[in-house]
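Scroll down for the structure; my scribbles are underneath it.
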Amino acid sequence: MDLLAHGLWTGVAYRRVKPVWLAVLFGMLPDLPWLVALGMNPWPLVMGRGLPPLETLPPALVTAGLVTHSFVVFAVLAGFVYLARPRWLVPFSGWALHIVFDIFSHADLYPFTGTRFLYPISGVSISVVNWNNSVFIGVNYTALAIVYAFLWGRRLGWISGRSRHTLHCR
């Protein structure tokens, strides 16, 4: 899934977590290595040829991308977060939501790779649909628009049934 959609879905899922921006940040953080890689070689994307092939990227960035999309690494880091700042554990789980979305939206099609969610223990991935597929993008952003319109309508009182339970994580 693309970075903006990760942020928007995390914002929906964690809308009652305060501060929500922290959950959104953690939900977008796993794509940081790919943003760095794109910043190093933006020309294929700028020229309309898509993202740069993995073999043109520094191996350290590819490894960082595998590490940030691993439930194994997430679980270890979640343990540290729990020990250091227990209240951050809920917003930190936005990272896990990112991995879940990417498992099903990163097909193993060149030049991409499926999300190896058990890295470094296993290289297993699930190939469903690629996040840059135009149909997937259309369905994804349509669903986001519907969800945000519904939430906005509830906030304005146009739709009833609003729950006011909020979880504070400071």
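The values are calculated or read from the model by the stated rules, or taken from the named source; none is laboratory data. Values in this document were obtained by computation on a predicted structure and should not be read as measured data. Every residue, glycine among them, receives a Cβ derived from its backbone with ideal geometry; neighbour counts consider all protein chains shown. SASA here: full protein model, heavy atoms, side chains in, ligands and nucleic acids out. Shrake-Rupley method; radii C 1.70, N 1.55, O 1.52, S 1.80 Å.
Remarks
- Protection-proxy order for peptides 18-29, 54-65, each taking the mean of Cβ atoms within 10 Å per residue, highest first: 18-29, 54-65
- Helix 134-155 axis, angle to the chain major axis (alpha carbon atoms, nearest 10°): 20
- Environment charge at Ile126 (Cβ cut-off 12 Å; Lys +1, Arg +1, Asp -1, Glu -1): -1
- Options [x] -0.72, -0.94, -1.24; [y] -0.62, -0.90, -1.40; [z] -0.71, -1.02, -1.37 - which one matches log10 I(q)/I(0) by the Debye sum over Cα atoms at q = 0.13, 0.16, 0.20 Å⁻¹ as calculated here: [z]
- Averaged per residue, segment 25-139 has 55 square angstrom of accessible surface, using a 1.4 angstrom probe with ligands and nucleic acids left out.
- Of the residues Phe71, Phe80, Phe92, the one that moves most in a GNM of the chain with alpha-carbon contacts below 10 Å is Phe80.
- When the Cα gyration tensor is reduced to axis lengths a ≥ b ≥ c, the ratio a/c is 1.5 or higher for segment 88-145, and with a/b not above b/c it is classed as oblate.
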